[in-house]
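Shown next, in structure tokens, is the structure this report addresses.
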Amino acid sequence: MGVRTWIGGWPAYRQLAADPFGRGAAAKSKATSSLAPRTRTADKVVKSVCPYCAVGCGQNVYVKDEKVIQIEGDPDSPISRGRLCPKGSASLQLTTGGARRYEVLYRRPHGTEWEVLPLETAMDMIADRVLATRRDSWQWEVDGKRTRRTLGFASLGGATLDNEENYLIKKLFTALGAIQIENQARI
């Protein structure tokens with residue numbers, strides 16, 4: 001084996017000789033050359049926001065046959081510039097994960113087992129409890145001053161609610177008489 005053949009076998013030499021910037025053949029192997037992106041079969045791409053924290057990282061949601069097939073960082077997002085943290089990168093599991101539940105689960109007070117409820121029943125239970133709490137904790141006045149409020153419930157909005165959604169939630173809870181209303185909106 002000659003010196004030229006021996007040096008020619010070095011990967012660094014091959015790259016410098018054929019592809020000095022490492023953008024072409026030097027960056028690919030036979031296995032990676034045959035790979036295709038899993039997003040190529042998507043019917044459409046929907047812009048979204050990561051649901052985990054108040055940063056508001058942009059996401060591209062790839063959809064095929066009305067089902068989410070992949071979620072990636074949105075390079076057009078001025079906030080995250082295409083990057084996602086580990087939780088954001090795993091957000092596909094929110095829509096397709098095997099642990100995702102598609103029914104309402106309810107555990108009665110002092111109960112030990114969960115039971116499945118129809119959505120309408122659960123919504124009626126929530127409305128009944130809000131109205132009962134409002135009725136039982138309503139304050140017309142405090143120390144002789146008119147207040148017309150309740151301290152029986154409060155609202156804490158999630159991090160991915162935008163200003164418009166938080167505006168509507170604020171209007172709802174204010175109309176119900178709540179004064180403890182906060183959100184984590186940053187987008």
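The values are calculated or read from the model by the stated rules, or taken from the named source; none is laboratory data. Everything numeric in this text was worked out from a predicted model, so none of it was measured. For neighbour counting, all protein chains shown are included, and Cβ atoms are generated from backbone atoms with ideal geometry for every residue, glycine included.
Considering only segment 145-157, I want to know if a residue exists there that is surrounded by 15 or more Cβ atoms within 10 Å (Cβ to Cβ) and within 30 Å of Pro78 (Cβ to Cβ).
Within segment 145-157, one or more residues are surrounded by 15 or more Cβ atoms within 10 Å (Cβ to Cβ) and within 30 Å of Pro78 (Cβ to Cβ).
Picking from Arg108, Arg129, which residue would you name as being loosely packed, with under 13 Cβ neighbours inside 10 Å, outside any loop (DSSP other than H, G, I, E, B), at negative phi and of a type in the set (D, E, K, R)?
Just a single option satisfies the conditions, and that option is Arg129.
For segment 20-35, indicate whether the set of residues that are surrounded by fewer than 12 Cβ atoms within 10 Å (Cβ to Cβ), in contact with a strand residue (DSSP E or B) (Cβ under 9 Å, 6 or more places away or on another chain) and modelled with pLDDT under 85 is non-empty.
no
If you take the residues in segment 52-75 that are in contact (Cβ under 8 Å) with a residue 24 or more places away in the chain and exposed (fewer than 14 other Cβ atoms within 10 Å of the Cβ), which one is farthest from Asn163 (Cα to Cα)?
My answer is Lys67.
Given the structure, is Glu113 free of Cβ contacts under 8 Å to residues at least 24 places away in the same chain and not in a strand (DSSP E or B)?
yes
Kindly indicate whether any position in segment 134-143 is under 24 Å from the mean Cα position of the chain (by Cα) and either of a type in the set (Asp, Glu) or at negative phi (or both).
No: segment 134-143 contains no residue that is under 24 Å from the mean Cα position of the chain (by Cα) and either of a type in the set (Asp, Glu) or at negative phi (or both).
Run down Glu141, Glu164 and say which single residue is charged (D, E, K, R), modelled with pLDDT under 95 and not in a helix (DSSP H, G or I).
The unique qualifying residue is Glu141.
Quick grid of which residues meet (1) over 30 Å from Ala175 (Cβ atoms); (2) modelled with pLDDT under 90:
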residue: Arg81; (1), (2): yes, no
residue: Gln93; (1), (2): yes, yes
residue: Arg100; (1), (2): yes, yes
residue: Val104; (1), (2): no, no
residue: Gly111; (1), (2): yes, no
residue: Pro118; (1), (2): no, no
residue: Asp124; (1), (2): no, no
residue: Arg135; (1), (2): no, no
residue: Thr150; (1), (2): no, no
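Could you list, in sequence order, the residues of segment 167-187 that are among the β-branched types (Val, Ile, Thr) and in a helix (DSSP H, G or I)?
Selection gives Ile169, Thr174.
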